[in-house]
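Contents: one structure, followed by commentary.
The values are calculated or read from the model by the stated rules, or taken from the named source; none is laboratory data. Just so it is clear, the model here is predicted, and its values are computed rather than measured. Every residue, glycine among them, receives a Cβ derived from its backbone with ideal geometry; neighbour counts consider all protein chains shown.
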Ligand code: MLT
């Protein structure tokens with residue numbers, strides 16, 4: 001992947017930084033008074049919401065009565081280090097990185113809420129070591145992400161972005177955009193979890209033959225989604241399209257690299273709406289250069305945002321979007337609501353749901369503190 005300084009990053013960070021500073025000049029805009037309830041003797045628990053979480057989250061948290069909130073954009077690492085000691089809980093989306101040094105400074109933190117599914121932006125080991133429960137929102141953006149996967153596949157199959165640009169440029173080049181059909185092609189799904197299954201049912205509706213590889217899914221569940229479970233080698237060898245739907249961890253990083261791509265059919269299409277890095281980007285660029293891969297659709301990148309001169313950007317048979325899988329009005333409202341309820345119940349009532357880490361040998365669950 002390209003390491004050049006990223007020109008996209010500068011205005012984005014500047015904007016967020018301004019927002020954080022502006023918020024801090026008027027500390028605790030929704031506070032009822034510096035951590036207390038202004039006379040009723042109730043100690044308020046403080047929750048920091050970053051990454052512009054939908055406003056429903058604040059309303060839900062404050063309705064608990066013993067919680068005050070502060071909502072900001074995406075803080076820089078140094079801002080986060082400075083702010084984190086003040087809060088009992090934090091709710092984040094994917095841009096905020098809760099690294100080990102940040103968690104080390106989080107002296108009061110009991111709960112981390114992830115408004116989304118992936119927790120690869122949280123150092124889970126560091127949180128677990130400090131007894132901090134991490135909760136995500138596992139169901140809320142499944143449909144949006146599955147729909148986006150199909151949108152990317154169709155856009156790639158019919159070259160919609162390039163055709164659109166061409167019409168906008170005043171051209172009418174019907175012969176330049178000869179797409180391919182999805183129907184009757186073999187779609188290989190890597191990871192048949194919630195999103196993978198929703199992608200499967202939609203792909204079946206498009207007339208695709210769907211196969212899947214997932215080491216922990218029962219073949220009977222795959223059958224319900226209209227999918228046939230196959231081995232890793234079979235998936236790699238037989239698929240015309242491959243889409244990945246796994247978390248990013250040590251076992252899935254560069255899961256698809258040069259060796260796997262070389263074993264695929266010539267003309268294969270590859271799609272990643274899960275996490276950047278599951279498909280090795282330089283292997284993809286090499287395979288597009290060499291013609292072995294016909295097209296690539298990426299919603300996620302190894303580094304987000306990617307460098308402006310990323311190698312993949314010069315290829316014609318590519319479709320990109322800026323990590324939009326869960327980015328619909330519907331999903332964002334749902335993730336904010338779900339995670340705010342989880343964090344509120346945990347902080348206010350000690351009821352824990354959707355925990356992803358194991359504290360003292362046990363996964364926290366409803367009814368445990
Ligand atoms: C998720 O992990 O839920 C999605 O990728 C969306 C996001 O990161 O916010």
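Does any residue of region 297-316 turn out to be away from the ligand (no atom under 16 Å from the Cβ), under 26 Å from residue 184 (Cβ atoms), touching a strand residue (DSSP E or B) at 6+ places or on another chain (Cβ under 7 Å) and in a strand (DSSP E or B)?
no
Return yes or no: is residue 258 over 18 Å from residue 160 (Cα atoms) and within 16 Å of the ligand (Cβ to nearest atom)? Please lay out each step first, then the result.
Numbers: over 18 Å from residue 160 (Cα atoms): yes; within 16 Å of the ligand (Cβ to nearest atom): no.
The answer is no for residue 258.
From the list 185, 173, 178, which residue is in the same structural domain as residue 237 (by TED's automatic domain parsing) and in contact with a helix residue (DSSP H, G or I) (Cβ under 6 Å, 6 or more places away or on another chain)?
173
Step by step: first the residues of region 317-328, then only those that are part of a loop (DSSP other than H, G, I, E, B) and away from the ligand (no atom under 11 Å from the Cβ), then the one that is surrounded by the fewest Cβ atoms within 10 Å (Cβ to Cβ). Which residue is that? I'd like the intermediate steps shown before the answer.
Keep residues of region 317-328 that are part of a loop (DSSP other than H, G, I, E, B), which gives 317, 321-328.
Okay, now just the ones that are also away from the ligand (no atom under 11 Å from the Cβ), so 317, 321-322.
On the way: 317: 15, 321: 17, 322: 13.
Selected residue: 322.
With respect to the numbered conditions (1) under 30 Å from residue 312 (Cα atoms); (2) modelled with pLDDT of 50 or more; (3) buried (at least 20 other Cβ atoms within 10 Å of the Cβ), which one is the sole condition not fulfilled by residue 16?
So the condition that residue 16 fails would be (2).
Filter region 344-357 down to residues that are more than 15 Å from the ligand (Cβ to nearest atom) and in contact with a helix residue (DSSP H, G or I) (Cβ under 7 Å, 6 or more places away or on another chain), then give me how many there are. Please lay out each step first, then the result.
Initially, region 344-357 is screened for residues more than 15 Å from the ligand (Cβ to nearest atom), giving 344-353, 355, 357.
Filter once more, keeping what is in contact with a helix residue (DSSP H, G or I) (Cβ under 7 Å, 6 or more places away or on another chain): 344, 351-353, 357.
Residues in region 344-357 being more than 15 Å from the ligand (Cβ to nearest atom) and in contact with a helix residue (DSSP H, G or I) (Cβ under 7 Å, 6 or more places away or on another chain): 5 in total.
Could you please give the count of residues in region 179-219 that are part of a loop (DSSP other than H, G, I, E, B) and without any contact (Cβ under 8 Å) to a residue 12 or more places away in the chain?
The initial filter retains those residues of region 179-219 that are part of a loop (DSSP other than H, G, I, E, B), namely 179-185, 191-193, 206-208, 214-218.
Then drop every residue that is not without any contact (Cβ under 8 Å) to a residue 12 or more places away in the chain, which leaves 215-216, 218.
Of the residues in region 179-219, 3 are part of a loop (DSSP other than H, G, I, E, B) and without any contact (Cβ under 8 Å) to a residue 12 or more places away in the chain.
Please go through region 320-369 and pick out each residue that is touching a strand residue (DSSP E or B) at 6+ places or on another chain (Cβ under 9 Å), closer than 24 Å to residue 42 by Cα and free of Cβ contacts under 8 Å to residues at least 40 places away in the same chain.
368
Given the options 262, 287, 222, 283, name the one that is part of a helix (DSSP H, G or I), out of contact with any strand residue (DSSP E or B) (no Cβ under 9 Å at 6 or more places or on another chain) and more than 16 Å from residue 320 (Cα to Cα). Talk me through it step by step, then tell me what you get.
On the way: 287 fails: out of contact with any strand residue (DSSP E or B) (no Cβ under 9 Å at 6 or more places or on another chain); 222 fails: out of contact with any strand residue (DSSP E or B) (no Cβ under 9 Å at 6 or more places or on another chain); 283 fails: out of contact with any strand residue (DSSP E or B) (no Cβ under 9 Å at 6 or more places or on another chain).
Matching residue, one of 262, 287, 222, 283: 262.
For region 244-275, which residues satisfy the criterion of being under 15 Å from the mean Cα position of the chain (by Cα) and closer than 15 Å to residue 293 by Cβ?
244, 271, 272
Could you check region 53-156 for strands (runs of 3 or more DSSP E) lying wholly inside it with 1 or more residues that are over 30 Å from residue 42 (Cα atoms) and more than 16 Å from the ligand (Cβ to nearest atom)? Working first, answer last.
Details: elements: 67-71, 89-92, 111-114, 133-135.
Answer list for region 53-156: none.
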